Structure formats: C-alpha cells, structure tokens
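S.K.: Next up is a structure, given as structure tokens.
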Amino acid sequence: MRRLVCLALLAFAAVPVHAAALPSLLVEDRTARRLGLAAGDTVDVARDASFAGARRFRVEGVYAPPPDPTEIGRAPAHVRLHLPDLEALTGEHDRATRIALRVAPGVAPDDVAREIGQMNLGVSAYDAQRAAAQSTETFHVIDRFHFAIGLVTLAAGAVFLLALMVLQVDESRREFGALRLIGIRRGTLARAVAMAALVIAAAGCVIGIGFAALASVVVNHVYQAKYQTTLVFARVDARDIVVTCALSLVLGLAAACAALWRLVRANVLELFGR
Amino acid sequence: MIAFLAWRSLVRSRTRSALTILGVGVAGALLLDMTMLANGLQTSLGRVLEGMGYDLRLTPRGTLPFETDATIPDSGALTAALRRDGGLREVARVVGATAFVAGAEDSHAAGSPAFLLGVEPAGRGVYRDVVGSDLPGLDIGRARGAVVRAAPGEIPVLVNAEVARQWHLRPGDRVRLASRPLHTLPADRPAVVGRVYGIADVRLDAAGQLTVLCPFPDAQRLAGFTRDEASLLVARTVPGVGADSLAPAIERRHPEISAYSLQQLLRTASQQLSYFAQFALVLGATSVVVAAMLLGTIVTLSVRGRLGEIATLRALGIAAGRVRLLITAEAVALTVAALPLAFALGLSVAQVLDRLLKAAPGLPADLHFFVFTAQAAWQTVALLVTCSVVAGAYPAHLAARQPIAATLHAEVT
C-alpha cells in the first residue's frame, strides 16, 4: 500500500488555498528535488494516474532517509502520510504491510519472533538481524561475485609476475654462473633472488594499494554525484590491505621459487651455456 | 619473411612465449567475460521477452511490469478504447497478485504465498509447455496429457513445477486459494478451490518461486479487485505498425498508462542494471591494460635480448619500417596464439560467475548475466589485437632506431 502511494503521481498545485486546513505529508529529499517541492507547498495525491479521487495535501517538510542501496539505478518517489489519510486515499482500511515491535528490556527478540510465529496469526516474524540478513542477500551474492572476479584478476597478475621473474632470472644465468664459480652457494643465490622478488612484490603492493585508494575516491565521487546518494561504493579498509599484502608477498615468493627451480638445479657449466 | 622471422623468434624461447600466452590468455578471458557481462542481462531479457511474442506492454503510469502494486482501473474500457484506436491486433489483460495456496486435503494449513497470474486468451505467451490440460480458451495445442475439467464451483488453474512439487500435485488434483493466509479466512468466506488443469513452465519465474495461473476474471476476484483493474496489458501490433512509434502515441491518448515497446522496455530496465555495465567497463579496461603491459614488457625484453640480430638484419638492408612490422607482428602473434585459451577460460569462468549471480533472490531463472554473442567475441578479439599493436609500438620503435654500427660493435666486444 505504501509503495502504491509512493509511486502515485504528485501534482504541484499553484492554486492558493488555506494550506493550514489541509492534511499534511512529508516528502523525501530526492523526490522533493525532482518535483521542485518545499515545505508549505500543496500537492495532489491519488491512488492511480487517472487522479480520480485525488486529495490535496500540504507539504509539512522534507525528510532525508538513510541511503538505500536497493534503490540505486531506480528513482522511486517517496512520501509519508498519516495512516488515516492513506487509508482514506486508498480505500483500504485496517491493513498494514508490516508492524514493528520493540521488546521489553531483557527479552530476546528472536524468542518473541518464534512465539509470534507459533501463534498462527498469518504473519512471519523476524528479529532485526534476520530481517537484515534476508534483505541483504542480494548484496552477499554480489560480494561473492566480486570475490570471484578478484581471484581471476589475481591469477592474471600472478602470471604476469611469474613471466617477469622467469625472464629476469633467465637473463641472469651467466651472472649466476660466475657467482657460483667464485664460491657463492646455490642457497645464497636463491635467497637473494627470493628477496628481490619480495621487494618487487612489496613495492607493487604499496603502489597497488595507493592506486586502489585513489580509484575508490574517484569511484565514490563519480557515483555519489550520479545517483545523488551518500552511499559508499568502494572502500579500502584494513582487512583489504592485510589480505592484499599477504597475497602479494606469497605470490611474489611463489613466482621466485618457480623461476629459480631450473636455475638452482643447473650446474655451473650449463649456466654458461656449455 | 616477416612471418618467418616472427615465428622463429617466438619458438626460440618457448618458456617466455608460453608464459606470455598464458598471461594474455587469462587477461583475455577476463576481457571476454566483461564484454559478455556488459550487455548480457539485457540480451538475455530481450530473448525471453521476444519469446513471449508481445510487441507492447502497458503498465500503470511510471511503473515497469509488476514493479509495484499499482493497477490500471477500468481495464475493460481501456482495452476497448485501445482496439478502437487502431494499430493493435491483439490486447490481453493480465493480473499479477499475491495469493496463498495450499493443498485441498490440508484444511488447517495457512498456505504459502504464491504469485497469482490471471491471463486472458491472448495472454497465453506468459507461459510455455503444459503437462496436462491448458486453461479454457488458451489451448493452442501445446498441452500434453489427459484432459481435465473443473467441477461446478471450482476454477481452472495451472501451477508451476515448484507448486506441483511442494504439494505433490498432478493434473486433476485440487488446491485452495485465497488472498490471505487460509487459516485466517472467516467461515462465511472459504478459500476458492482450484482444479489443477496442468503444470506449466512459466516464463520469468524465479528459482523456487510458487506460481499459480488462472483465467483473468477469477484472478480479479481472488485479488479483491473491484474496479475492473488489471496489473498489465500486453499487445501485439498489426503487421507494418512499429511498436516504437505506436507506444508514445498510446501514452498521449491515454496518459494514465505507460507504454513500452520491447526496445524501450530493455532500455528502461538497463538503466536499473547500469551497475553491471559500468562494472564490466571498468574491469574490461583493467584487463586490457594488464594484457598491454604484459605484452609490452615481454616484447621489450625480447627485443633488448636480440639487438645484435636486429642490427644485422638492418645491415643486410631490411628497412626500419619492416623491423617495426616484425616486432609488432610478434606481439600480435602472441595475442592470436592466446585467443583459444582466452575463449576457453573465459567461457568456463563465465558459467561459474553466472551461477554465482543467479543465486540472487527473486531473479528469474530464465535470465543470464553472461551471454556469449558474436558481438562480444568480436569485441574481445578486436580489443586484444589492438592492445597488442599498441603494446608492440614501443619495442618496435626501440628496435628500429638502434644505430646499426654501434650496436654491432657492442655485440662483438
């Protein structure tokens, strides 16, 4: 019912009326901007686009609800009416789409939800956590999708790193051969290469995190302006940084080991191409 | 000769070439997935809507089909007016509402909420194959199975496979229907009894969704509509009349409704799905950059390792332009060699990603996010080849401008 009225057409009425005598409503801030409404204006509200049975209301004020990610990309209009006014407008009485309860201190909400469910009232009862989990399921799906894309992107980066390390080590074969001839042991050479790989991975990690932070700022700026919302679309937090650093170092080390595999096993003459 | 020299350079260092092909393949797979995602949902939705066979959809003003509880009042008068206006050869009204359904034997059950679809004979495109009998007046020979008839006081219904599974229903069984939980019905207003005529495959049903279809007037009664409301009108145009031009004309004559041709509906829906298109653009650009960096780096290292060879070719009379062409051909050859891997990997990963996204609640089972089209394939090939040409430009320039004598001298000393 609320959604029905949310999408009812609003008409800005310039006819001077005694506004104080009219019933009042609140308009959501984005709706007010779109329709050019402000407190004190009058609007006609109807249950369908024929405007049959339309009623005139006074805009009491403009409210700013918390941003709703499910409305990104859509632009529904929202208004809030007193319940009796909505019932009179829609002709539907004694109906509600949801009822919110506040439990007494010390009472567990999920116990109350369970009891209500057992009462056979024809309603489903959810505590706040379960309701939030159900309504955010779509975003969990998108979260898993992002994670999968991240893995694919990581694979591309890992192959890139491996290719570079193999080339780098391959080009240094003669140099390694010379070092082996003067007595430097394989283990020492391997640790040197591994250390170089870790330094490259760490440097890449720092640059990558910096680039990601900058990209987040740009993404948030662009999309907050585009969708007129304060939602945060991209964010680099401590967990992301820790995971990124750990993955970079592990992949760097793995790339170095893969590159060193043939080099460390070869004898000195093979390193010189003999 | 260019092809021969390029081939020779690639096979001389198999490890380097293999790693480059692997890296470009993975980046190419990601690029293919993003080109598929960019238009996938729109393409998929378009195919399903085209399959329904309607050219126009008419909804309450400012809404999309079944987006809200808003209805079109006096739908019969509107339908008659639309037929008189011309341009349409078939108009059907559809009701979409929530109803509670339960098996006929369980008289104490509350029932489960289901999507109730009420259709007129011309609205038969909303569902496909029927096991059993079709609804009266909608039978176009697609039903297969025994003929079912409703007893007096019963209404004919079709159920989808999920309803049939949950209550173990077969054609000929009965269900109880109401607009509210069945156990809350007053004694003087019992549930409506529906005779299951058949089990239908309903288009755009979400996974796990319960759907019941019945004739339009019965659905209006069940939904409690008292002003001859309809949720949606679907229409076919007469041959030669374009739906794209007819839709605005209908909206001007009937301002209480919105009219959408197939293309207009897809454009409006794509605005709500713009997140995926933009995500695909950003990630697609990233994969192109990664592929370009990999190719550029590998080819540059390769050129630096054989400057002497290149200088020798120049000394033998091969022009700088042909040297540039040779280096660029190597980059393009690596990319072309990576294409089979990119497509194989991209299509496999797309299936996994598609399954992930389709797990979103309320999404029609018929829709796909990743749709492989010829356009997506050609876009991927074109972007990768262009990227390889661009990536090869710097090392090609490097190779072509090396001083011949100084380079040869450095090689031998």
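S.K.: At A:VAL217 and A:THR138, where each label point lies 7 Å from the Cα along Cα→Cβ, what is the point-to-point distance in nanometres?
M.R.: Inter-label distance under the simple model: 3.2 nm.
S.K.: Taking 35 Å as R0, compute the FRET efficiency from the Cβ-Cβ separation of A:ASP94 and B:LEU281 and round it to 0.05.
M.R.: 0.10
S.K.: Hey, can you list the residues from region A:67-109 whose accessible area shrinks by 50 Å² or more with all protein chains present, relative to the chain by itself (probe 1.4 Å, no ligands or nucleic acids)?
M.R.: Relative to the lone chain, where solvent access is computed with a 1.4 Å probe, region A:67-109 loses at least 50 Å² at A:ARG74.
S.K.: Taking a probe of 1.4 angstrom, what is the accessible area of B:TYR275 in Å², to the nearest 10?
M.R.: Answer for B:TYR275: close to 80 Å² accessible.
S.K.: Given R₀ = 35 Å, what would the calculated FRET efficiency be for A:GLN118 paired with A:GLU60, taking r from the Cβ atoms and rounding to 0.05? Show your work: numbers first, answer last.
M.R.: Values: r = 41 Å, r/R0 = 1.17.
Computed FRET efficiency for A:GLN118 and A:GLU60: 0.30.
S.K.: Under 14 Å from a point 7 Å along the Cα-to-Cβ line of B:VAL238: which residues of region B:86-106 have their amide N that close?
M.R.: Only B:86-91 fall inside the zone, counting backbone N under 14 Å.
S.K.: Per residue, how much accessible area does region B:253-384 have with a 1.4 Å probe, in Å²?
M.R.: Using a 1.4 Å probe on heavy atoms only, each residue of region B:253-384 averages 43 Å².
S.K.: Quick one: go through region A:118-144 and flag any residue whose amide nitrogen is under 12 Å from the point 7 Å out along the Cα-to-Cβ line of A:ALA108.
M.R.: It comes to no residues whatsoever.
S.K.: If each residue of separation counts as 0.36 nm, what is the full-extension length gain between A:HIS82 and A:ASP44 once their alpha-carbon separation is subtracted?
M.R.: Length difference between fully extended and current span is 12.2 nm.
S.K.: Residues of A:117-123, mean number of Cβ from any other protein chain within 10 Å of their own Cβ, rounded to a whole number?
M.R.: Taking the mean over all residues of the peptide, I get 3.
S.K.: Tell me, what is the FRET efficiency for B:ALA406 and B:ARG322 to the nearest 0.05, using R0 = 22 angstrom and their Cβ-Cβ distance as r?
M.R.: 0.60
S.K.: Right, next: So which residues of region B:294-330 lose at least 20 Å² of accessible area, probe 1.4 Å, when you go from the chain by itself to every protein chain present?
M.R.: B:LEU294, B:THR297, B:ILE298, B:LEU301
S.K.: Arrange the residues B:TRP378, A:TRP261, B:TRP167 by how much accessible surface each exposes, largest first, with a 1.4 angstrom probe.
M.R.: Ranking B:TRP378, A:TRP261, B:TRP167 by accessible area, largest first, yields B:TRP378, A:TRP261, B:TRP167.
S.K.: With every protein chain present, what accessible area does B:LYS358 have (1.4 Å probe, heavy atoms only), rounded to the nearest 10 Å²?
M.R.: About 50 Å², rounded to the nearest 10.
S.K.: For a protection proxy built on the mean count of beta-carbon atoms within 10 angstrom, sort A:203-213, B:40-50, A:158-168 highest first, please.
M.R.: Going from most to least packed, we get A:158-168, B:40-50, A:203-213.
S.K.: What relative contact order, as a whole-number percentage, does chain A give when Cα pairs under 8 Å and 6 or more residues apart are counted?
M.R.: Computed value for chain A: 17 percent relative contact order.
S.K.: Place +1 on the Cβ of every Lys and Arg and -1 on the Cβ of every Asp and Glu in chain A, take the dipole about the Cα centre, and give the residue among A:ALA255, A:GLY208, A:VAL232 whose Cα lies farthest towards its positive end.
M.R.: The residue sitting most towards the positive pole is A:ALA255.
S.K.: Pick out, from A:ILE149, A:ALA104, A:ALA21, the residue whose Cα sits farthest towards the positive end of the charge dipole of region A:21-171, with +1 on the Cβ of Lys and Arg and -1 on the Cβ of Asp and Glu.
M.R.: A:ALA21
S.K.: Hey, another quick one. Chains B and A: how much accessible area gets covered up at their contact, both sides added, probe 1.4 Å, in Å² to the nearest hundred?
M.R.: Details: alone 19670 and 18810 Å², together 34860 Å².
Interface between B and A: roughly 3600 Å².
S.K.: Compute the accessible area per residue over chain A, keeping the other protein chains in place, probe 1.4 Å, unit Å².
M.R.: About 62 Å² of surface per residue is accessible.
S.K.: How big is the charge dipole of the protein assembly as shown about its Cα centre, in debye rounded to the nearest 20, if each Lys and Arg gets +1 on its Cβ and each Asp and Glu gets -1 on its Cβ?
M.R.: Its charge dipole is roughly 2600 debye.
S.K.: Can you tell me which of B:236-246, B:149-159 comes out highest on packing, and rank the rest after it, using the mean Cβ neighbours within 10 Å?
M.R.: Details: B:236-246: 14.0, B:149-159: 17.6.
Per-residue Cβ counts within 10 Å, averaged per peptide and sorted highest first, yield B:149-159, B:236-246.
S.K.: Using a 1.4 Å probe on the protein heavy atoms only, what accessible surface does B:THR184 show? Give it in Å² to the nearest 10.
M.R.: Surface open to solvent at B:THR184 totals about 40 Å².
S.K.: Give the long-range amide H neighbours of A:SER24: residues separated by 5 or more places, or on another chain, with amide H under 5 Å away, using H modelled in the peptide plane at 1.01 Å from N.
M.R.: Result for A:SER24 returns A:ARG58.
S.K.: Here is a further query. For peptide B:354-361, compute the average count of partner chain beta-carbon atoms within 10 Å of each residue's beta-carbon.
M.R.: If you average over the peptide's residues, the count of other-chain Cβ atoms is 5.
S.K.: Now a separate question. Got a sec? Which residues in region B:390-413 would a label at B:THR312 touch, if it sits 7 Å along Cα→Cβ and we count backbone N under 13 Å?
M.R.: Counting only backbone N, you get B:408-409, B:411-412.
S.K.: On average, how much accessible surface per residue is there in region B:14-58, in Å², for a 1.4 Å probe, leaving out ligands, DNA and RNA?
M.R.: 29 Å²
S.K.: Work out which residues of region B:253-272 lose at minimum 50 square angstrom of accessible surface when the other protein chains are put back, relative to the chain isolated, with a 1.4 angstrom probe, and list them by number.
M.R.: Output list: B:GLN272.
S.K.: Per Stokes-Einstein, at 20 °C and 1.002 mPa s, what whole-number D in µm² s⁻¹ belongs to region A:170-274, with the Kirkwood radius over Cα pairs as the hydrodynamic radius?
M.R.: D, rounded to a whole number, is 129 µm²/s.
S.K.: Using a 1.4 Å probe on the protein chains only, how many percent of the accessible area of region B:105-224 belongs to carbon and sulfur?
M.R.: 52 percent
S.K.: How do B:55-63, A:121-129 rank on mean C-beta neighbours within 10 Å, highest first? Could you put the intermediate results ahead of the total?
M.R.: On the way: B:55-63: 23.2, A:121-129: 14.4.
Peptide ranking by packing, descending: B:55-63, A:121-129.
S.K.: Stokes-Einstein D for chain A at 20 °C, 1.002 mPa s, Kirkwood Rh over Cα pairs, in µm²/s? Don't skip to the answer; put the middle values down first.
M.R.: Working: Rh = 25.3 Å.
Value of D from the Cα-based Kirkwood radius: 85 µm²/s.
S.K.: Once neighbouring chains are kept in place and the probe is 1.4 Å, which whole percent of the accessible area of chain A is contributed by carbon and sulfur?
M.R.: 61 percent
S.K.: Can you tell me the Rg and Dmax of the protein assembly as shown, counting just the alpha carbons, in angstroms?
M.R.: Using the Cα atoms of the protein assembly as shown, the pair Rg, Dmax is 33.4, 108 Å.
S.K.: Tell me the net charge near B:VAL101. Cut-off is 15 Å between Cβ atoms, B:VAL101 excluded, with +1 for each Lys or Arg and -1 for each Asp or Glu.
M.R.: Once all neighbours under 15 Å are counted, the net charge is -2.
The values are calculated or read from the model by the stated rules, or taken from the named source; none is laboratory data. Keep in mind that what you see is a predicted model, and the values were worked out from it rather than measured. Using ideal geometry, Cβ is built from the backbone for each residue, glycine included, and neighbour counts are taken over all protein chains shown. These accessible areas exclude ligands, DNA and RNA; they are computed on the full protein's heavy atoms, side chains included. Shrake-Rupley method; radii C 1.70, N 1.55, O 1.52, S 1.80 Å.
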